[in-house]
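The values are calculated or read from the model by the stated rules, or taken from the named source; none is laboratory data. A quick note: this is a predicted structure, and the numbers were derived from the prediction, not measured. We place every Cβ from the backbone using ideal geometry, glycine too, and count neighbours over all the protein chains shown.
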Amino acid sequence: MLTMPALDQAVLSRREGIVADLRAIVPGEGVIDALEERRAFESDGLSIYRAIPMVVVLPSTVDQVARVLKYCKQGNIRVVPRGAGTGLSGGALPLEDGVLLGMAKFNKVLDIDYANRCARVQPGVTNLGITQAVQHAGFYYAPDPSSQIACTIGGNVAENSGGVHCLKYGLTTNNVLGVEMVTMAGEIVRLGGKHLDAGGYDLLGVVVGSEGLLGVVTEVTVRLLRKPETARAVLVGFPTLEDGGNCVAQIIAEGIIPGGIEMMDKPAIHAAEAFVHAGYPLDVESLLIVELDGPRAEVDELIASVDRIARENNAVSSRISEGDDERMRFWAGRKAAFPAVGRISPDYMCMDGTIPRKKLAEVLRGISDIAKRHGVGVANVFHAGDGNLHPLILFDANKEGELIAAEKCGADILRLCVDVGGVLTGEHGVGIEKRDLMPAMFDEDDLATQMRLKCAFDPDALLNPGKVFPQLHRCAEMGKMRVHKGQVPFPDLPRF
Amino acid sequence: MDLKPRDAKDLCDAVAWAAAEGEALDIVAGGSKAALGRPERPGRKLDVSALRGDIEYEPEELVLTCGAATPMREILLLLEQRAQILAFEPPDFGALYGLAPEGGTIGGALGANLAGPRRIKMGAARDHFLGFSGVSGRGEEFKAGGRVVKNVTGYDLPKLVAGSMGTLAIVDRVTVKVMPAAAKTRSVLVFGLEPAKAVAAMADALNSPWEVSGAAYLPEAVARRSAVDHVSGAGASVTAIRVEGTAVSVAARCEALRTSLGTFGAVEELHSMRSVKLWREIRDVAPLLPDTSAALWRVSVAPTHGPAVAAAVPGADWFLDWGGGLVWLATPEAGDASAGPIRASFGEGHATLMRASAGLRARVPVFEPPAPGVAALNRGVKAQFDPRGILNPGRMFEGI
Ligand SMILES: Cc1cc2nc3c(=O)[nH]c(=O)nc-3n(C[C@H](O)[C@H](O)[C@H](O)COP(=O)(O)OP(=O)(O)OC[C@H]3O[C@@H](n4cnc5c(N)ncnc54)[C@H](O)[C@@H]3O)c2cc1C
C-alpha cells in the first residue's frame, strides 16, 4: 500500500498554536479547524485515498498566501495546495500534519483583453468560467477537460490538463501565457505575461504540470481563441478495433487534424447507449466520433474526406451530423461514458496512459487479458487523436480483495503502456496514484534530475511532499556530485 | 584541446571529466548560432556535431526522434516527402549571422527556442519539444518527456531545456512533434496603415474565425526591400495576413478577410509562391539585414504594445510580426544600441540582442535581465543542473 511521509510529531504537537498563528494571517472563516469541516477536504477525485488535514486555510489575497507560506516554511510545516479537488491522481490528497491551502476564494476574472486575445484570472476560477466570461464576444478558452464545470484553472495549470480538443488546440501548457506564483519561501514571482514566450529560462513551462510541487499559483494569464465558425461530427462504427485505429491513422496521414477524435470499445459503447440512448450502433467493436471545426467551407470539405476514409477502412456505419442537435447527440454518449460505466459497475477507476496509436489494438487486447487475470471488468474510452487511453476498471470495493485487484490491474495496464513506447499519464498527472510506478518509465538519474528541479524551488520539500516522486531524498544529499576530481579518467575521445 | 564525442557514452564521459576538473565547455553543434548570446566563451570546445542522424520518423504518430545535431535541412527534407512540417516554422538565421543558409541543427533550434510567424497559432519550438535524452553538468545521463504527443508524466523538462542555450544540459537525442503541411497558403495585404491602425487591423483578423497563421506589418521603408514585387512596389506600408489550408478553405477565408480588412485600407491578395516568399523573408528578418553594421533586437511584448516599442528608437528600422507582439528593430551599435530606451518601453516582455558585435554583447545584457525573484530561481536551477558551472557558462546571463 501507499506510504506517505512520516508524520511530523513536532508540528502536530504545536497544532493549536499553529492554528492561532494562521488565524492572525487569514482572519474570520478563512481558517477551518473543526474536525467535521476539515473532513470535507479529505480527498480529491481519487477518493479511495483519504486523509484529514491538520488545518484548512482558505486565503483570499496574494499577500495572505505569501505570509502563510513564509510562516509554514519557518515552522517547517507541510502545505498541500488545492483547487476544486477534482484531480484524479490524488495530487490534492491532504497530509495529516499539513496545511491544506484551498484556493477557492481566488475566483475573480481580473482582466479580459480581446485586443491581445488573453484574459487574466485568479486560479480558483473554473475552466468553464473563463469561457463563460468571454463567450458573449465569440471567444473561448480552448482546453476543455470533461470536469470543466467544476475544475479550476489553478488545478488545470498544476496538472497541465487536456480535454477532447488537445490535438488541434494543445494542452493547458500551450494555452497559458503567464502566471503569478508564490514560492514556499513566500516570494511572489511573475513568469511570462501577455507576451509570447517567457524569455530566459522557461520556468513557466515547468511550473505548468508541476502538480503543486513548485509553487502556489495566484494568477493565470490564458490565451483566448475565437470560436470556430462551425463544427460537424461523423459517427463511425467498425467491425474491429484495428479498423478504427487504421481509420484514425489514415485521417492524420492525409493531413487532417480534427478538433476531436474519440474512440470507444464495445463495453463502453453499450454502457453509454444504455444510459443516454445516443443512437450508437451496438453491433460494432469500435466507435469513432470525429469532429471537425473551423471555417464552414473547410469543415464541409474535410468531413466528406473523413467519411470516405472511414468507408475505406471497413466502416459498417457512418453518419455525418446535420446540425448542432445531432452533433451534440453524438457527443452525449461519450461525455456520459464515466457515469454510464458507473451504472453498470458499483465502482470504477479511470486510468490515463498514452500509447503510440499504432499499438492500439495490441494494447486493448493486452488490457483485456490483464483485466481477466485480475478478475475485474474493463471498458475503454480513448482520445484517439493523441493516443491518450482511458481504460475504466470495473470492480466492487465492497467485495473482499477487489479494490486491491483493481489497483494491481491498473498498474499492469500502465506498465503495458510504457512497454509499448507510451507513458504513464497523458493528462491526469502522477500524484500519488502513479507515484510508485514512476520507475517503470524513469531510471534513478532521470528522477534525481527532476527532484533537483524541485530543490531549486522548495529545498525543504514542504510543498506537496509525497506526491509524484516515489522516494523523498534530502536536497543536500542529492546536491552532492557523484564524481570527484581525479576519479574519472580523462575520457578516451578523438580530438582535433 | 577540443573534445568531439562520437556518441552518448563519449558525451557522458567528456562531461563527467569536465565536471571533475571544473573545466568549462563551449558547446557547438552546427555553429550557426555561435554569435548568439554573451561573448564570454570557455577555451575548450565540445563539438557535439557527431550526435546526429539515426532518425526514427513516424508520420502517422506525428513524432520524429533523432540525434540532436541532425541538420535542420535534413529533417525538413524528410518531412516534406510526407507533406509534414515543424509547425513552429523555425527561422533560418544563416543570412542574419552572415553564414551559409540552412546551417542549423534541430538541437540548436530547440536550445534557442526559435519560432517563426506561425508562433501565434501553433506555438514555439518549446511547444513541439516532446522529449530528450542528454547529460547534465553533473555528467549524469538522463531522459525526460516521452515519444508521444500527449504526456504529463513528471516535470516538463523539455520546456526548461528549450531556450536554455545549452547552459543546463547537453541534449543528445530529441523527439519533436510534427504536423501536416497545409496544401495552400495565401496572404491578404492591406496598404498604407499607420502602426497603431495596422495592429488594430491585425487584431481584427486574428480575432476572426478565419484561423490566421501570420500577421505582420512592414513600414514603407522596410517593405521596399522585399523581393516580392507587390510588397516592394506598394509605395506604402504593408500589413500582411496569412491563411493556410485546403484550396477551398483558403479561398473562402481570404475572401472574408478581404471584406473585413477592406474597411482599414486598400487590399490585395498574394498567392502561393509570392506568399511563401514574403513569409520566409519575415521569418528570417530579411528586410532588416542589408545594414550589416546594425544591432538587431528581437522584442516580445503584448501585441498592442508593439508600436510603442518601435517608437522608442526614433529613426531605427523595424517591423512587426505576431500581430504586433514581436518587434524586430535594427539600431546603430553606438553606446548601448538603444538597449535602455527599448527595455524601458515595455513593462511586460523581453528584448534579446540577437545580433551585435562581441563588444556590444559584452556591454549590454543580451537576454532580458529577469526580476530579482526570477533571477534567484534561475541561479537555483542552474546550480542544480550544472553545479560546477561548466556548460556554456555566461552565455545567457553573467554567472549562469
Ligand atoms: C469526471 C471527471 C472528468 C475529468 N476529465 C478530465 C479531462 O478530460 N482531462 C483532464 O485533463 N482532466 C480531467 N479530470 C481531472 C481533473 O479535473 C483535472 O486534473 C483538473 O485540472 C483538476 O483541477 P482542480 O481544480 O479540481 O484541482 P485539484 O484536484 O484541487 O488539484 C489538482 C492538483 O493541483 C494542485 N493545485 C491546485 N490549485 C493549485 C494552485 N493554485 N497552485 C498550485 N497548485 C495547485 C493540487 O495541489 C493538486 O496537486 C477529470 C476529473 C473528473 C472528476
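Annotations
- Filter result (among the aliphatic types (A, V, I, L, M), farther than 19 Å from residue A:169 by Cα and not in a helix (DSSP H, G or I)) within the stretch A:107-147: A:109, A:110, A:112, A:121, A:125
- Residue A:249 falls short of the stated requirement of being in contact with a strand residue (DSSP E or B) (Cβ under 6 Å, 6 or more places away or on another chain) and either part of a loop (DSSP other than H, G, I, E, B) or away from the ligand (no atom under 14 Å from the Cβ) (or both).
- For the stretch B:246-264, the candidate set comprises residues that are assigned to a helix (DSSP H, G or I) and within 12 Å of residue B:205 (Cβ to Cβ); within that set, the residue that is nearest to the other protein chains (Cβ to nearest Cβ) is B:253.
- Some residue of the stretch A:131-143 being away from every other protein chain (no Cβ under 14 Å), within 14 Å of the ligand (Cβ to nearest atom) and at negative phi: yes
- Members of the stretch A:405-457 found to be more than 13 Å from every other protein chain (Cβ to nearest Cβ), hydrophobic (A, V, I, L, M, F, W, C) and in contact with a helix residue (DSSP H, G or I) (Cβ under 9 Å, 6 or more places away or on another chain), listed by number: A:405, A:406, A:409, A:411, A:413, A:416
- Within the stretch B:286-308, the set of residues being surrounded by 21 or more Cβ atoms within 10 Å (Cβ to Cβ) and not in a helix (DSSP H, G or I) comprises B:295, B:296, B:297, B:299, B:300, B:301, B:302.
- Only one of the listed residues (B:398, B:368) is out of contact with any helix residue (DSSP H, G or I) (no Cβ under 9 Å at 6 or more places or on another chain) and in a loop (DSSP other than H, G, I, E, B). That residue is B:398.
- Residue within the stretch B:313-321 that is in contact with a Gly (Cβ under 9 Å, 6 or more places away or on another chain), closer than 21 Å to residue B:356 by Cβ and assigned to a loop (DSSP other than H, G, I, E, B) present: no
- Where residue A:379 falls short, out of the listed (1) over 16 Å from residue A:414 (Cβ atoms); (2) within 14 Å of another protein chain (Cβ to nearest Cβ); (3) modelled with pLDDT of 95 or more: (2)
- For the residues A:193, A:178, A:200, the requirement of being away from the ligand (no atom under 13 Å from the Cβ), closer than 22 Å to residue B:348 by Cα and in contact with a Phe, Trp or Tyr (Cβ under 7 Å, 6 or more places away or on another chain) singles out A:200.
- Considering the conditions (1) touching a helix residue (DSSP H, G or I) at 6+ places or on another chain (Cβ under 7 Å); (2) without any contact (Cβ under 8 Å) to a residue 60 or more places away in the chain; (3) not in a loop (DSSP other than H, G, I, E, B), residue B:381 is excluded by exactly one of them, (2).
- If you filter the stretch A:76-93 down to residues that are buried (at least 24 other Cβ atoms within 10 Å of the Cβ) and more than 10 Å from the ligand (Cβ to nearest atom), you find that the one that is nearest to residue A:430 (Cα to Cα) is A:78.
- Taking the criterion of being within 14 Å of another protein chain (Cβ to nearest Cβ) and in a helix (DSSP H, G or I), the residues of the stretch B:336-365 that qualify are B:342, B:343.
Here is a yes/no grid of residues against (1) closer than 30 Å to residue A:75 by Cα; (2) within 12 Å of the ligand (Cβ to nearest atom); (3) within 11 Å of chain B (Cβ to nearest Cβ):
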{"residue": "A:148", "(1), (2), (3)": "no, yes, no"}
{"residue": "A:155", "(1), (2), (3)": "yes, yes, no"}
{"residue": "A:183", "(1), (2), (3)": "yes, yes, yes"}
{"residue": "A:206", "(1), (2), (3)": "yes, no, yes"}
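- Taking the criterion of being basic (Lys, Arg) and facing another protein chain (nearest Cβ under 9 Å), the residues of the stretch A:208-233 that qualify are A:226, A:227.
- Entry remark, the stretch A:392-415: residues being in contact with a strand residue (DSSP E or B) (Cβ under 8 Å, 6 or more places away or on another chain) and assigned to a helix (DSSP H, G or I) number 9 in total.
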